[in-house]
Amino acid sequence: MARNLMIASMLLVAGFGTCLGNPAATKQSAGQTVLSWPAPEGEKLSEDYTLRVNGQTVPVYSCRVSAMPFNQVWPGYQRPMDQTELASFAYWGMSGPVTVEVDSKRPFQSAAVRPTSRGVKPRIKGRLITFRLPQPAQLTLELDGVHYALHLFADPPETGAPKAGDANVLYFGPGVHRPGKINLQSGQTVYVAGGAVVYTAIAGRGLTGVRILGRGIIDTSEFPRGQGGGSIRLTNCTDVKIDGVILRDPDTWGLAASGCRNVTISRVKLIGFWRYNSDGIDLCNTQDVTIRDSFVRSFDDSIVLKGLKGRQESFGDRPVRNIRASNLVLWCDWGRALEIGAETSTPEIVDVIFPRHRRCPDHVHRHGYSTRRPGRGARYPL
């Protein structure tokens with residue numbers, strides 16, 4: 001019999017666009033390769049940082065995040081810009097240890113690389129921050145505190161990536177793409193290459209064998225609240241794999257699976273969440289799910305298990321079962337880092353395993369609330 005883990009409230013825890021830019025750049029250093037991709041023409045880059053990895057320039061992108069843990073009733077109302085700020089992020093591939101150099105355009109007194117459990121120690125010389133990264137990881141560099149942070153996403157090299165022209169593949173190469181909303185078909189793969197920014201929302205219903213892969217950016221910022229349905233929304237789907245992509249600025253929940261089964265989410269990075277209801281990953285009446293090696297910075301709840309009854313289509317008779325999460329970095333600006341509920345319309349929530357919460361100096365409530373348990377405004381490496 002499966003071990004019941006009913007957890008109360010808080011636990012510890014297509015059209016193709018024109019390909020712009022140049023091919024991916026690599027640099028060999030002591031037998032190790034760094035892979036990066038030029039930013040597409042016209043894509044807004046950070047005004048706060050420049051970045052080099054093993055001496056190779058890596059583009060630093062811009063994203064909007066919440067600047068304060070404030071929420072209110074939202075129908076017909078969106079958060080004003082003075083509750084937000086611009087942060088930065090960069091991504092690259094690496095096959096071995098690298099040296100990371102960051103030039104800050106802002107003066108600063110202190111620097112921290114988090115989560116501190118990774119043991120990365122920065123060196124400071126003027127406005128230059130340098131550190132050694134022994135293996136792929138998701139990190140944040142914070143200068144004088146949490147504001148205007150630089151998020152760093154280092155992945156291992158891809159294996160088995162599809163190619164342009166492969167059957168049942170929507171392939172987005174380097175450049176900016178605006179295909180409109182993508183409605184997936186069974187057996188279909190969406191591939192977002194490094195150096196690509198795809199302005200879209202992806203949805204699928206009643207499908208099997210779908211894949212959303214790559215190293216590039218899926219951006220939902222151009223959809224008004226509620227019209228995109230989130231960056232990725234899957235309903236009643238089976239055999240789903242989502243790997244490597246960066247999700248930026250969803251209009252509601254970032255990545256949602258409702259009534260689904262056999263879902264793998266790996267090396268996914270969620271960033272630029274500031275709007276109301278901008279949860280990270282929501283699993284509703286869904287079972288057999290693995291979430292690993294991923295980063296979530298959300299305004300609202302980061303990872304949520306729910307049971308929902310829909311007005312037109314309901315999966316309230318399906319359990320939330322066999323959920324596994326590991327090696328995650330969560331940064332929640334207002335909601336809960338990990339939550340069960342508040343909706344629990346499901347026969348059972350069972351066999352849910354999150355790693356034990358590891359205490360370290362990162363686990364500080366950043367806005368004056370309690371530091372005793374995971375909750376609003378906190379960050380947790382799991």
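Cα centroid separation, the range 210-226 to the range 131-173: 15 Å.
Taking 0.36 nm per intervening residue step and subtracting the Cα-Cα distance, what contour gain separates TRP74 from ASP317 on full extension? Don't skip to the answer; put the middle values down first.
Values: separation 243, 0.36 × 243 = 87.48 nm, distance 2.99 nm.
Extra length from TRP74 to ASP317 when fully extended: 84.5 nm.
Kirkwood analysis of the range 100-189, using all unique Cα-Cα pairs, places the hydrodynamic radius at 16.6 Å.
Given a 1.4 angstrom probe, I'd like the percentage of the accessible area of the range 187-317 that is carbon and sulfur, rounded to a whole number. Could the numbers behind the result be given before it?
Values: 1260 of 3320 Å².
Solvent-exposed carbon and sulfur of the range 187-317 make up 38 percent of the total.
Straight-distance candidates among the lysines for linking to LYS105, with alpha-carbon spacing under 17 Å and chain neighbours fewer than 8 residues away dropped: LYS44, LYS125.
Whole-Hz Karplus values for the range 190-204 come out as 9, 10, 10, 5, x, x, 9, 10, 10, 7, 6, 10, 10, 9, x Hz, taken residue by residue from phi with 6.51 cos²θ - 1.76 cosθ + 1.60 and θ = phi - 60°; glycine and proline positions read x.
Within the range 33-88, which chymotrypsin sites (Phe, Trp or Tyr not before Pro) sit in a loop by DSSP and count at most 14 neighbouring Cβ atoms inside 10 Å?
Numbers: sites: TYR49, TYR61, PHE70, TYR77; in loops: PHE70, TYR77.
Here the chymotrypsin sites (Phe, Trp or Tyr not before Pro) that fit, given the DSSP loop and packing criteria, are PHE70, TYR77.
Extension gain for MET81 to ARG324 (0.36 nm times residue separation, less C-alpha to C-alpha distance): 83.9 nm.
Peptides 232-245, 316-329, ordered by how many other C-beta atoms sit within 10 Å of their residues on average, highest first, read 232-245, 316-329. Taking only the alpha carbons of the range 165-276, we obtain Rg and Dmax values of 12.7, 38 Å in that order.
The values are calculated or read from the model by the stated rules, or taken from the named source; none is laboratory data. Computed from a prediction, not measured in an experiment: that's the story for all the values here. Don't worry about glycine lacking a Cβ; one is built from the backbone with ideal geometry, like all the others, and counts go over all protein chains shown. Quick note on the areas: whole protein, heavy atoms, side chains included, nothing else; ligands and nucleic acids left out. Shrake-Rupley method; radii C 1.70, N 1.55, O 1.52, S 1.80 Å.
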